[in-house]
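Student: I'd like to ask some things about the structure below.
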There are 2 protein chains.
Amino acid sequence: MPRPLLSLGIAVPLGALLAALPADAEAAVPEPRTMDAILAQAPAGDWRSPDPENLLVMTLDAGRVVIELSPDHAPEHVANLRILAREGYFDGLSINRAQDNFVVQWGDPYGDDPAKARPLGSARTSLPAEFSTPIRDELPFVRLPDVDGWAPEVGFSDGFPVGRDPAAGIQWLAHCYGIVGAGRGNAPDSSNGTGLYVVIGQSPRQLDLNITTVGRVLEGMPLLAALPRGQGPGGFYEEPALRTPIRRIALAAALPEAERPRLERLDTASPSFAALVEARRNRAEAWYLRQAGHIDLCNVPLPVRERPGR
Amino acid sequence: MPRPLLSLGIAVPLGALLAALPADAEAAVPEPRTMDAILAQAPAGDWRSPDPENLLVMTLDAGRVVIELSPDHAPEHVANLRILAREGYFDGLSINRAQDNFVVQWGDPYGDDPAKARPLGSARTSLPAEFSTPIRDELPFVRLPDVDGWAPEVGFSDGFPVGRDPAAGIQWLAHCYGIVGAGRGNAPDSSNGTGLYVVIGQSPRQLDLNITTVGRVLEGMPLLAALPRGQGPGGFYEEPALRTPIRRIALAAALPEAERPRLERLDTASPSFAALVEARRNRAEAWYLRQAGHIDLCNVPLPVRERPGR
């Protein structure tokens, strides 16, 4: 993102950045690299293809939204979401809420009315709260070195931004931009995955440990974040015609191979990701005159790309 | 924002919250109050009307955007912006960029082309960088008690979110949602106010002390934050037809009294604002099962309302 804020010129071509690296770069002290250079140079092994059993593919008239679910952080909700998607529960429902600088939310607009609510099919109507899960050694955790006011430790596990409290032995998927959660009423166990929201503004970390987070958007955030804001309380649309139709939410594993998203995300346990974090704590781009020497959990980009080849 | 995430029911009416307060509340230990209750109970003296010399009124086809400029933090840029607005510099220009989770930017799309750029009239073409200003005792500063990774101290001055470095003797307007800055090229003194941007995503605090921030949006953020994202590099629109026309940007002081925005904002040095901060660090709403006991600078709401009366 060189010269990001005034000039209309495009970014410095990647080739120029690569050419600027000395031929013996690996033997010498490494030059500071930009994120773009790090991604261009990341070996294929530093990228991961998400499990199709964890991918929801939402079809809107404006395009496709792909969500990666995290069974590590919300196993019961993810299991229910797979059933809901396989049975077509969301198909024909709508996006019902867009609250500026907070969330966009979708599901059954009549879900609170037993006479009009869509039946849940084989899915469970009630689930336990999954606000956190026990810390497990087998789940990789790359800790961010920087202070965080909301959690004793923050970092990344398998592509997701995570908070941890080692004293309490718990971890949770943190409310960053693009994180998806399961709406609930006042009862902690009142979510079942039929109503989902995504963060579209400043990270509302006060929701952490108060609600079940289930995954994150890998593709399509601009389609959700640019929806017109609702004028009703909480950003709900006051007229049904203002809601955005959801044509389908499918589980990728249930789609023919050719229709599955061909996405991969940078492995957050890889050397490339470690370099990326450092490149964002201290920017190599010439535009930056002062280095922050810091980054917040929710400012760290989690790169996603189309899978190369074929 | 009680029951915000699943139910379609509206918020608890303010009346119900007020009625729940005991009649002798002031003599007793105060009940925890929600932000809505604090705002409903704030005395008139806790609100401030911005100086019309500091208000920019942007007219889009979709509605009005009102920006409060901060001469405390960028005196030279604000002086130039008053001239640009009084002379109609922005009228008929456009919004040229919307980068998801970053900024929306407007100005002269041909500003980099001397042959096509709109003349600046009486305004200055070059200004000093105003990335920070010296800390001045006469400017009130209410410090937030919570840790911040980007600045030694953070808090609020006269309605704006501010970072401070007492050792260096400097303060600056921090890059929170809705903050407006003056785009620049790679040279630190290459901004003059003709290109402005507003933060529409997770607070990009790495820009702090790297660019001149000039004010914040008091009204109309949903109009800017919900613009379709540009498909070009950096979120610039690739086709001129995709740009949003700016019909006018006027200085409120230059408008007839009846056309000036009748807005006021909560005084950040008032007891009501102190109560609000505490009400957001620890939530009184029944929906919250766990209190964060913390808030980040950019999560603190800065309330604005229509001025009551007449």
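The values are calculated or read from the model by the stated rules, or taken from the named source; none is laboratory data. Note that this is a predicted model, so its numbers are computed, not measured. So basically every Cβ, Gly included, is an ideal-geometry build from the backbone, and we count neighbours across all protein chains shown. Side chains are part of the model used for accessible areas, which takes the heavy atoms of the whole protein and leaves out ligands, DNA and RNA. Shrake-Rupley method; radii C 1.70, N 1.55, O 1.52, S 1.80 Å.
Student: Using only Cα atoms, locate the centre of region B:248-266 and the centre of region B:288-310, then give the distance between them in Å, rounded to an integer.
Tutor: 24
Student: So for A:D189, A:D91, what's the accessible-area order with a 1.4 Å probe, most first?
Tutor: Most to least solvent-accessible, the answer reads A:D189, A:D91.
Student: Measuring nothing but label to label, 7 Å from Cα along Cα→Cβ, what are B:A286's distances to the other copies in nm, shortest first?
Tutor: Nearest to farthest, the other copies are at 6.1 nm.
Student: Also, I was wondering about something else. Helix B:75-86 against the longest principal axis of chain B: what's the angle in degrees, Cα atoms only, rounded to the nearest 10?
Tutor: 70
Student: Only residues of region A:224-257 count here: report those whose backbone N is under 14 Å from the spot 7 Å along Cα→Cβ of A:R118, or say none.
Tutor: Under 14 Å, as judged by backbone N against the label point of A:R118, lie A:244-251 of region A:224-257.
Student: Mind checking which of B:G149, B:I200, A:M35 is farthest towards the positive end of the protein assembly as shown's charge dipole, using Cβ charges of +1 (Lys, Arg) and -1 (Asp, Glu) about the Cα centre?
Tutor: B:I200
Student: Provide the descending list of Cα extents for region A:52-263 along its principal axes, expressed in whole angstroms.
Tutor: Taking the Cα atoms of region A:52-263, the three principal extents are 47, 41, 31 Å.
Student: How big a patch of accessible area, both sides summed and in Å² to the nearest 100, lies buried between B and A at a 1.4 Å probe?
Tutor: In total, this chain pair buries about 5600 Å².
Student: Right, next: Would you mind working out the magnitude of the charge dipole of the protein assembly as shown relative to its Cα centre, with +1 at each Lys and Arg C-beta and -1 at each Asp and Glu C-beta, to the nearest 20 Debye?
Tutor: Working: 60 positive and 76 negative charges, 221 e Å.
Dipole size: approximately 1060 debye.
Student: Right, here's the next one. Counting only C-alpha contacts under 8 Å and six or more residues apart, can you give the relative contact order of chain B as a whole percent?
Tutor: With pairs under 8 Å counted, the relative contact order is 27 percent.
Student: Another question, if that's okay. Once you place label points 7 Å from the Cα toward the Cβ at B:A79 and B:A258, how far apart are they in nm?
Tutor: 3.5
Student: If you take the charge dipole of region B:52-263 about its Cα centre, with +1 on Lys and Arg Cβ and -1 on Asp and Glu Cβ, which of B:L69, B:G234, B:P166 is farthest toward its positive end?
Tutor: With unit charges placed on the Cβ atoms, the residue in question is B:G234.
Student: So what are the radius of gyration and Dmax for the Cα set of region A:239-310, in Å?
Tutor: 18.9, 50
Student: Going by a 1.4 Å probe on protein heavy atoms, which residues of region A:286-301 end up with at least 50 Å² less accessible surface in the whole assembly than in their chain alone?
Tutor: A:W287, A:L289, A:R290, A:H294, A:N299
Student: Within region B:116-194, list the GluC sites (Glu not before Pro) lying in a DSSP loop whose Cβ has at most 16 other Cβ atoms in a 10 Å radius.
Tutor: B:E138
Student: Hey, rough spin-label estimate for B:R136 and B:R248, points 7 angstrom out along Cα→Cβ, what's it come to in nanometres?
Tutor: 3.2
Student: Only helical DSSP H runs with n ≥ 4 go in: add -39500 (n - 2.57) per run for the protein assembly as shown, normalise by residue count and round the 222 nm mean residue ellipticity to 500 deg cm²/dmol.
Tutor: Theoretical 222 nm ellipticity from helices: -3500 deg cm²/dmol.
Student: Calculate how steeply helix A:271-281 sits against the longest principal axis of the alpha-carbon atoms of chain A, using the helix alpha-carbon long axis, and give the answer as 0 to 90 degrees to the nearest 10.
Tutor: Around 90 degrees separate the two axes.
Student: Additional query: How far is B:R48 from itself in the other copies, in nm, if each label sits 7 Å out from Cα along the Cα-Cβ line, shortest first?
Tutor: 4.7
Student: Taking all protein chains as present, what is the carbon and sulfur share of the accessible area of region B:52-263, in % to the nearest whole number, probe 1.4 Å?
Tutor: 52
Student: Along Cα→Cβ, 7 Å out, is where each label goes; now give me the distance between the ones at B:D165 and A:A274 in nm to one decimal.
Tutor: 2.9
Student: On to the next question. Please state, to two decimals, what the Cα-based radius of gyration of the protein assembly as shown comes to when divided by 2.2 N^0.38 Å (N = residues).
Tutor: Dividing the Cα radius of gyration by 2.2 N^0.38 Å gives 0.96.
Student: Now for a separate question. List the trypsin sites (Lys or Arg not before Pro) in region B:43-151 that DSSP assigns to loop (not H, G, I, E or B) and whose Cβ has at most 11 other Cβ atoms within 10 Å. Which are they?
Tutor: Sites meeting the loop and neighbour criteria: B:K116, B:R136.
Student: Calculate, for region A:52-263, the solvent-accessible area per residue in square angstrom, rolling a 1.4 angstrom probe over the heavy atoms of the protein chains.
Tutor: Using a 1.4 Å probe on heavy atoms only, each residue of region A:52-263 averages 35 Å².
Student: To two decimal places, what compactness ratio does region A:99-147 give when its Cα radius of gyration is scaled by 2.2 N^0.38 Å?
Tutor: For region A:99-147, the normalised Cα radius of gyration comes out at 1.90.
Student: Round to a whole angstrom and tell me the spacing of the C-alpha centers of region B:217-240 and region A:28-89.
Tutor: Here the two parts' Cα centres lie 25 Å apart.
Student: Across region B:258-266, in residue order, what do the Karplus-derived ³J(HN,Hα) couplings come to in whole Hz, using 6.51 cos²θ - 1.76 cosθ + 1.60 with θ = phi - 60° and x for Gly and Pro?
Tutor: So the Karplus estimates, Gly and Pro as x, are 5, 9, 6, x, 9, 10, 9, 10, 5 Hz.
Student: Check each residue of region B:164-201 and keep those whose accessible area, probe 1.4 Å, is at least 40 Å² smaller with all protein chains in place than in the chain alone; give them in order of residue number.
Tutor: By number: B:Y177, B:R184, B:N186.
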